[in-house]
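Inspection log for the structure reproduced underneath, given as structure tokens.
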Amino acid sequence: SALIANKELSNFALTPSRILHRVTPTQKLNGLQIHNNDISFGGKNILLLTESFSKNMLPRDKKVDLLIISGRPKIYNEDMGQMPVPGKVVIDGSVSIRTSHYWTRYFDALGIPCHNVATDGAFVMSLY
């Protein structure tokens, strides 16, 4: 990113937090597995529904702990019924208000907790 590429800006914005939390930059995160729109880390499975997502990428036999909806994925209710029920859904800020209301109502009707970043603020989840 531009922040990391600019040494002066990086030292100003990132270094204090890295010192506070005793972390260092790394190129590899042990245990992180990314395959298309499927992310696994710390025993949690995260599925990203983005514009590049297609229904043949839906997991059928894998537990989905977190479903993140971003942008305008081309997926419909009947396709969603073919995937495992997610533990929680997060709708990111790139989803339009109208679409986010649709998804919120859809998952509320199924009894699945739904977090809309645009209205509820940042989503935080422990991965270990």
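The values are calculated or read from the model by the stated rules, or taken from the named source; none is laboratory data. Bear in mind the structure is a predicted one, so any value in this text is a computation, not a measurement. Surface areas here come from the heavy atoms of the whole protein model, side chains and all, with no ligands, DNA or RNA. Shrake-Rupley method; radii C 1.70, N 1.55, O 1.52, S 1.80 Å.
Table for the structure above
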{"item": "Accessible area expressed per residue, the chain, with surrounding protein chains retained (probe 1.4 Å, Å²)", "result": "70 Å²"}
{"item": "Acute angle (nearest 10 degrees) that the helix 97-109 long axis makes with the longest principal axis of the chain, alpha-carbon atoms", "result": "60 degrees"}
{"item": "Gaussian network model of the chain, springs between alpha carbon atoms under 10 Å - residue of G43, G81, G71 with greatest fluctuation", "result": "G81"}
{"item": "Sequence-distant residues sharing a close amide H with R72 (under 5 Å, placed H)", "result": "E51"}
{"item": "Highest-MSF residue in the chain out of V89, V117, V23 [GNM, Cα springs under 10 Å]", "result": "V23"}
{"item": "Residue of R18, R72, R98 that the Gaussian network model of the chain assigns the largest fluctuation, springs spanning Cα pairs under 10 Å", "result": "R18"}
{"item": "Dimensions (Å) - the chain, Cα atoms, principal axes, largest first", "result": "49, 31, 25"}
{"item": "Percent breakdown of C-alpha pair distances by 5 Å bin, ordered from the shortest bin, for region 61-106", "result": "5, 20, 31, 28, 13, 3, 0"}
